[in-house]
Amino acid sequence: MGKAAAVKTPQLSMGKRKAEKKKRDWHSITFQALFLLPALAFLIIFMYYPIIETFRTSLYQTTGFGPARFIGFQNYARLFASEEFRTGFVNVLAWAFWSVVIQIPLAFYIAFTLVVYKTRITGFLRAVYYLASVMPSAITAMLGRFIFAPTFGVISSLANRLEWKWLASIDFLGNPNIAFWSLFAMATWAYTGFSIVYFMANIEQIPMEIRESAQLDGANLWQYARYIAIPMVAYPIRIIAIISTVGSLKLFDLPWLITGGGPVYATTTLAIILYKQGFVNWQYGRAAAVGVIIFLLSLIFTIAQFSFQRKSGELD
Amino acid sequence: MLRKRIWVTLFLLVALLTWVLVPVSAKKVKLTVWGRDLPDDDPAHAYIKALVEGFKAKNPDIELEYVALGDPGLMDKTKVVMASNTGLPDIFQSWGGSVMGGYADAGRLLDLTKELKDIPGSAAARQAMTWKGKIYGVAPFFAIAGIFANEDLFKAHGLEIPKTVAELEKVCDTFLAKGIQPIAVGARDKWPVLALYMYLTNRYGGYEAFGNAQARKARFDSEPFVKAALKYQEWAKKGYFGEKPLSEAYGDAQQLMATGKAAMHITGSWMCAQYSDPGFTDQTIGFYAFPILEGGKGKATDIMGMTDIGFAATRAARKKKDAVVRFMKYAMDPEPCSAEPGRICSVPGVKSPSRLNAMASAVFATAETVQFWWDQDLPPMVTSPLNDTMQNFFLPDADVKKALTQYEQLVEDNIGPVK
């Protein structure tokens with residue numbers, strides 16, 4: 001009896017357990033759905049729907065008033081035919097390229113130096129470098145204008161006082177060949193702080209033993225940086241590269257506030273064109289087309305970067 | 001018992017009266033007005049402050065909610081609500097012209113022709129707030145473009161205010177030789193370039209030049225536009241606008257005038273307040289009409305102008321038209337208008353607050369024709385490209401004719417080809 005009961009009990013309990021498990025599963029699914037739904041609704045309403053709607057709008061000619069007219073891909077064709085758009089397109093790609101080529105090595109160099117030559121003022125210097133990153137763009141732009149202004153600017157006044165006519169004669173914001181680089185210099189100062197702090201945190205994670213063994217093997221600082229530090233922080237470097245690239249494609253604040261995209265179109269960007277088309281020129285369809293292009297470019301760069309990382313096994 | 005009844009009856013009566021009367025007295029009409037400037041103590045905001053405070057004091061039955069949105073916040077937000085047709089204010093600050101016309105065409109504005117047609121004011125200001133024969137608002141202040149000249153510098157160098165373009169060039173050459181920037185412009189901000197270009201085009205092609213191009217009877221790269229652009233570029237090459245005109249913002253141009261580093265500033269009369277403020281400048285500055293071009297078609301009495309401060313009403317206010325009209329009428333009342341320290345008032349009976357303002361008003365009084373500022377008169381889709389195009393005038397190697405042809409193509413795409 002005791003044996004039979006011992007055999008029967010597990011059978012019953014197993015069925016019961018299955019039913020309970022099923023019930024629990026349903027509860028779990030409902031529970032999960034309840035948690036997921038708000039986020040999902042938020043994503044659909046505020047992200048996926050606007051993306052689809054932007055793409056749809058980009059196929060119409062509309063001022064925002066009255067009926068919109070379907071014109072297929074004409075907005076895109078007109079954009080690529082306009083000098084302003086082509087210049088803006090080239091500018092953001094150049095900005096992305098130089099951000100990766102100049103800003104990232106510079107940030108790494110500063111971060112590496114600060115970590116290797118750690119002193120009592122390292123913490124203070126970290127704060128100093130990071131300060132520019134926490135400043136609002138409007139303030140950074142004001143500083144930029146204050147520095148580069150033609151008559152009353154810092155550089156101009158200093159050059160005049162020192163009688164350096166060659167420096168005083170440089171038109172930092174008004175010469176189409178120089179304006180881009182003046183802005184880039186401001187951006188490098190403003191945006192490198194974040195990369196420096198991020199790289200410092202990662203370089204500091206490299207175990208001390210590795211550095212000591214490298215020193216025992218006779219590696220100098222350059223070799224330590226080249227063969228140990230850079231490979232060990234390769235992933236953070238790529239993350240910063242993605243952030244810089246995508247940020248460049250969306251660049252708006254500094255060029256808009258310092259030069260307004262000028263002279264003529266010398267410092268215009270895709271985001272400036274989007275703003276002007278939508279809010280100034282009343283060309284919502286064309287503004288949406290610029291938005292779609294920025295979105296696609298960002299997507300392409302991000303996918304390319306992640307697939308590169310997947311191939312090199314970093315995401316496994 | 002009787003006493004108790006009396007008290008109860010009295011209490012009920014008071015309660016009844018409170019119930020009936022309080023909601024009536026509390027039911028104020030709410031009027032939402034969107035403006036650019038804060039109603040604060042800044043002298044440039046004196047009119048807005050007087051308008052808001054005066055209207056509230058004189059109209060206790062209307063709850064006025066004035067919202068200052070700044071620049072370009074006012075234009076951006078107005079555009080968004082007009083497009084979505086939701087959240088419209090009752091009244092918004094407007095510069096009239098084609099932008100207001102776009103809103104009117106979309107059915108967003110309130111037709112106030114009947115109510116406002118008899119309000120005294122200048123014809124140009126009324127015209128600015130009229131679109132397709134209907135009046136949508138009022139413009140208590142109207143700006144004209146002209147030359148602000150530093151009279152001290154002219155006197156010190158024995159120069160007369162130029163009456164012709166040739167004289168203007170001679171004056172500029174003299175100032176240049178003395179190391180003084182002849183003309184401050186603020187080309188970095190793009191739009192300030194337009195004032196001089198409008199006048200040069202007018203002086204070459206006459207009043208019809210722009211009107212014909214706008215009506216698509218002529219191209220924007222036709223003779224007067226190209227000649228004016230070439231003249232502009234020639235002056236830029238000579239250094240009339242300084243060594244770095246494209247780096248100079250509008251604020252920089254004002255500073256150059258205020259400190260006596262520049263001799264002239266060709267811009268709108270809205271600068272009268274600042275240029276006559278001893279706290280802003282210690283220079284003696286006068287306002288003069290733009291010179292004529294000998295052999296050109298334009299006249300000295302062809303004046304470029306635009307609404308300086310204006311208000312238009314939206315369809316959202318159709319059920320409170322009375323309150324809207326009261327606001328519009330008060331906006332055109334000499335009382336708040338007298339608080340303005342610099343702008344040219346369209347309202348008769350308001351005294352000029354300064355010598356400079358009187359000079360600008362006198363130039364305005366000579367106007368036989370008033371050409372609206374192009375960027376207020378052209379449709380929005382072609383105004384910012386015009387401002388971009390004009391920056392080419394400051395590049396010595398730029399092909400200005402080609403730039404104007406590209407602009408014409410853009411106009412053809414958006415407005416239509418020349419008929």
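Values computed for the structure shown
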quantity: Identity of the residue in segment A:53-65, open to solvent by less than 40 Å² (accessible area, probe 1.4 Å) and more than 10 Å from every other protein chain (Cβ to nearest Cβ), that ends up farthest from the chain's Cα centre (by Cα); calculated: A:59
quantity: Residues satisfying the stated conditions in segment B:333-362, i.e. among the hydroxyl-bearing types (Ser, Thr, Tyr) and more than 21 Å from residue B:146 (Cβ to Cβ); calculated: B:338
quantity: Candidate set: segment B:161-203, residues that are touching a helix residue (DSSP H, G or I) at 6+ places or on another chain (Cβ under 7 Å) and part of a loop (DSSP other than H, G, I, E, B); chosen: the one nearest to the other protein chains (Cβ to nearest Cβ); calculated: B:190
quantity: Members of segment B:91-105 that are of a type in the set (Gly, Ala, Ser) and touching a strand residue (DSSP E or B) at 6+ places or on another chain (Cβ under 7 Å); calculated: B:94, B:96, B:97, B:101, B:104
quantity: Test result for residue B:214, touching a strand residue (DSSP E or B) at 6+ places or on another chain (Cβ under 8 Å) and in contact (Cβ under 8 Å) with a residue 60 or more places away in the chain; calculated: no
quantity: Verdict on residue A:254 being more than 14 Å from chain B (Cβ to nearest Cβ), more than 30 Å from residue A:65 (Cα to Cα) and either over 22 Å from the mean Cα position of the chain (by Cα) or open to solvent by 20 Å² or more (accessible area, probe 1.4 Å) (or both); calculated: no
quantity: Qualifying helices (runs of 4 or more DSSP H) (wholly inside segment B:356-419; at least 1 residues being open to solvent by 30 Å² or more (accessible area, probe 1.4 Å), within 14 Å of another protein chain (Cβ to nearest Cβ) and closer than 25 Å to residue B:342 by Cβ); calculated: B:374-377
quantity: Count of residues meeting criterion [of a type in the set (D, E, K, R), within 14 Å of chain A (Cβ to nearest Cβ) and out of contact with any helix residue (DSSP H, G or I) (no Cβ under 6 Å at 6 or more places or on another chain)] in segment B:238-251; calculated: 2
quantity: Members of segment B:288-336 found to be among the hydroxyl-bearing types (Ser, Thr, Tyr) and either under 17 Å from residue B:196 (Cα atoms) or open to solvent by less than 10 Å² (accessible area, probe 1.4 Å) (or both), listed by number; calculated: B:288, B:301, B:307, B:314
quantity: Residue count for segment B:225-247, restricted to those that are acidic (Asp, Glu) and either at pLDDT below 95 or assigned to a loop (DSSP other than H, G, I, E, B) (or both); calculated: 1
quantity: Helices (runs of 4 or more DSSP H) within segment B:54-146 that include 2 or more residues surrounded by 22 or more Cβ atoms within 10 Å (Cβ to Cβ); calculated: B:73-84, B:97-105, B:123-128
quantity: Scope segment B:252-264; condition within 14 Å of chain A (Cβ to nearest Cβ) and not in a helix (DSSP H, G or I); matching residues; calculated: B:259, B:260, B:261, B:262
quantity: Qualifying residue in segment B:162-178 (condition: under 20 Å from residue B:292 (Cα atoms), among the basic types (Lys, Arg) and more than 23 Å from the chain's Cα centre (by Cα)); calculated: yes
quantity: Test: residue in segment B:215-224 that is modelled with pLDDT under 95, of a type outside the set (Val, Ile, Thr), in contact with a helix residue (DSSP H, G or I) (Cβ under 9 Å, 6 or more places away or on another chain) and open to solvent by less than 10 Å² (accessible area, probe 1.4 Å); calculated: yes
quantity: Sole residue being farther than 30 Å from residue A:208 by Cα and at pLDDT below 85, chosen from A:152, A:146; calculated: A:152
quantity: Filtered residues of segment B:334-363 (kept if touching a residue at least 24 places away in the same chain (Cβ under 8 Å) and among the charged types (D, E, K, R)); calculated: B:335, B:340, B:343, B:355
quantity: Selection from segment A:66-97 of residues that are open to solvent by 80 Å² or more (accessible area, probe 1.4 Å), assigned to a helix (DSSP H, G or I) and away from chain B (no Cβ under 12 Å); calculated: A:80, A:86, A:90, A:97
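The values are calculated or read from the model by the stated rules, or taken from the named source; none is laboratory data. Values in this document were obtained by computation on a predicted structure and should not be read as measured data. Methodologically, a virtual Cβ is constructed for each residue, glycine included, from the backbone with ideal geometry; neighbour enumeration extends over all protein chains shown. Heads up: the accessible areas ignore ligands, DNA and RNA and are worked out on the full protein's heavy atoms, side chains in. Shrake-Rupley method; radii C 1.70, N 1.55, O 1.52, S 1.80 Å.
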